[in-house]
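Undergrad: This is the structure I have questions about; it appears just below.
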Amino acid sequence: MHLDLDAFFCSVEVLRDPSLKDKPIVVGGRSENRGVVAAASYPARKFGIHSAMPMIEATRRCKDLIVISSQHGLYRMYSKVIMGILRAESPIIQQVSIDEAYLDLSDEVDQWIEATEIARKIQMRISRDIGLSASVGIATNKMIAKIASDFQKPNGLTVVLPGQEVEFLSPLPVKKIPGIGPKATARLAKYGIYRVQDMSVISEEKLVQRFGKMGSAMTRWSKGIDDRPVHEDHETKSISTERTFSKNIEAQDELLEVIEKLSFKVAEQLKKKKFMAATITVKFRYADFTTYTRQHTLAEPVDDGLEICRIAQKLLVKNWMPGEPVRLLGVGGSHFSEPHGQLSLGLGV
Ligand SMILES: [Mg+2]
């Protein structure tokens, strides 16, 4: 699954100031002479305005254009919350930019309809909880999922079923393939290659002759072949699960029971990601919202639910004030290494 937020920066600005809704706005450098458009709202795009366009050109195209200086800190904050929503649906997620991510659902679902349901759920949560919209593409590989997410923007959901890859790609202009930029598009046009279909009927030999290494890639792309895996976020530094209770808990055995469940969830996620955690963390929040995090680091990293549970329960018993009502409990693992390998400090596994 590939998810891409729709006109992300501009949509965040509309959230902040609803009077901007349906107006041509751009986010970017304010300086009219040197600034560049970082993002354009859909109404602005109707004037041919797009990102990377000089601001001066944008204001020339639309007299009523509203220029907003970008607030990256704010966008990053929204991005983080949204990536959190994605992470709740799939343990394997690769964030590729502030507003874009791939999810590998292969282990999560058995049928395509389930993937579609997850996509709808994510879109609904992003819209209901945040007020933004996202477009989603689902396919057998990353390249097609990415093209699919762009297929029905905004708020689109496009599913390309197994076996339909070539049929989906064939009529598209070659520039829709990520990796084929304006330069390659222009060169392909010289040879009369405009659509993916045109590209697919040219022999790999010929494409290599004309485009070098990229020629082989073009042959693969035109056949819808892409075997790149969804890489774990390199920023994944910890795995944690938590639960907020509808009613505060003050009995120790109940708390320990919750810790057990959470520990096994953490273990499951660690195993899925092929990580082992050297540090186990317990987080608890009292009724008055004071929150404590306590951790223990082991000589040997673990990914076993019982092990994690044993440490987490000890941490809780040692630090929790008996009888004090708890409204939230969490268990986490960090300081990863790969199973049976060296403890990696860089974490860029
Ligand atoms: Mg986007």
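Undergrad: Can you pull the three principal axis extents for the Cα set of the stretch 165-222, in Å, largest first?
TA: 27, 20, 19 Å, listed from the longest principal axis down.
Undergrad: Now for a different question. Where does each of 308-318, 219-229 land if you order them by average Cβ count within 10 Å, highest first? Display every interim value, and only then the final one.
TA: Values: 308-318: 19.6, 219-229: 16.5.
In decreasing order of mean packing, 308-318, 219-229 become 308-318, 219-229.
Undergrad: Could you order Tyr42, Tyr78, Tyr286, Tyr191 by accessible surface area, starting with the largest, using a probe radius of 1.4 Å? Can you show the working numbers first?
TA: Details: Tyr42 75, Tyr78 50, Tyr286 15, Tyr191 100 Å².
I get Tyr191, Tyr42, Tyr78, Tyr286, largest accessible area first.
Undergrad: Please tell me the relative contact order of the chain in percent, rounded to the nearest whole number, where contacts are Cα pairs under 8 Å and at least six residues apart.
TA: Working: 632 pairs, mean separation 45.3, N = 349.
It rounds to 13 percent for the chain.
Undergrad: Please give the peptides 119-132, 259-272, 85-98 ranked by average Cβ packing (other Cβ atoms within 10 Å per residue), highest first, as a rough proxy for protection. Please list the in-between numbers first.
TA: Details: 119-132: 16.0, 259-272: 20.1, 85-98: 17.9.
Peptide ranking by packing, descending: 259-272, 85-98, 119-132.
Undergrad: Leu256 to Val81: extension gain in nm, 0.36 nm per residue of separation minus the Cα-Cα distance?
TA: 60.1 nm
Undergrad: If you line up the Cα atoms of the stretch 73-159 on their principal axes, what length do they span on each, largest first, in Å?
TA: 37, 26, 23
Undergrad: At 222 nm, what helix-only mean residue ellipticity would the chain give, in deg cm²/dmol to the nearest 500, using -39500 (n - 2.57) for each DSSP H run of four or more?
TA: Numbers: 13 runs with 134 residues, N = 349.
About -11500 deg cm²/dmol.
Undergrad: Now for a separate question. Please give the length that would be gained between Arg61 and Gln111 if that part of the chain were fully extended, namely 0.36 nm times their separation in residues minus their C-alpha to C-alpha distance (nm, one decimal).
TA: Working: separation 50, 0.36 × 50 = 18.00 nm, distance 4.72 nm.
Using 0.36 nm per residue and subtracting the Cα-Cα distance, I get 13.3 nm.
Undergrad: Under a 5 Å amide H to amide H cut-off, with H placed in plane at 1.01 Å, what residues pair with Val159 once short-range neighbours are removed?
TA: When sequence neighbours closer than 5 places are left aside, the close amide H contacts are Ile138.
Undergrad: Taking the Cα centre of the stretch 165-207 as origin, work out the dipole magnitude from +1 charges on Lys and Arg Cβ and -1 charges on Asp and Glu Cβ, in debye rounded to 20.
TA: Details: 7 positive and 5 negative charges, 72 e Å.
That gives the stretch 165-207 a dipole magnitude of about 340 debye.
Undergrad: For the chain, just the Cα atoms, rotate onto the principal axes and tell me the three extents in Å, largest first.
TA: Sorted from largest, the Cα extents of the chain read 74, 51, 37 Å.
Undergrad: Starting from the 7 Å offset along Cα-to-Cβ, what nm value, one decimal, do you get for the label separation of Ala186 and Lys272?
TA: Taking the simple label geometry, Ala186 and Lys272 are separated by 4.6 nm.
Undergrad: May I pose another question? Pulled fully out, how much extra length does the chain show between Thr293 and Thr279, if you take 0.36 nm times their separation in residues and subtract their Cα-Cα distance?
TA: Details: separation 14, 0.36 × 14 = 5.04 nm, distance 1.22 nm.
The span from Thr293 to Thr279 would gain 3.8 nm if fully extended.
Undergrad: For Lys146, which lysines qualify as cross-link partners when the Cα separation must be under 25 Å and same-chain residues fewer than eight apart are set aside?
TA: Qualifying lysines at Cα under 25 Å: Lys46, Lys80, Lys121, Lys175, Lys176, Lys183, Lys213, Lys223, Lys272, Lys273.
Undergrad: Please report the orientation-averaged projected area of the stretch 1-101, defined via the convex hull of its C-alpha atoms, in nm². Could the numbers behind the result be given before it?
TA: Numbers: hull surface 26.8 nm².
Taking a quarter of the hull surface, the average projection is 6.7 nm².
Undergrad: One-quarter of the Cα convex hull surface for the stretch 238-337, in nm²?
TA: Details: hull surface 22.4 nm².
Projected area, direction-averaged: 5.6 nm².
The values are calculated or read from the model by the stated rules, or taken from the named source; none is laboratory data. Bear in mind that the values here come from a model prediction, so they are computed numbers and not experimental data. Note that we place each Cβ from the backbone using ideal geometry, even for glycine, and neighbour counts take in every protein chain shown. For the accessible areas, the whole protein counts, side chains as well, though only heavy atoms, and no ligand, DNA or RNA atoms are used. Shrake-Rupley method; radii C 1.70, N 1.55, O 1.52, S 1.80 Å.
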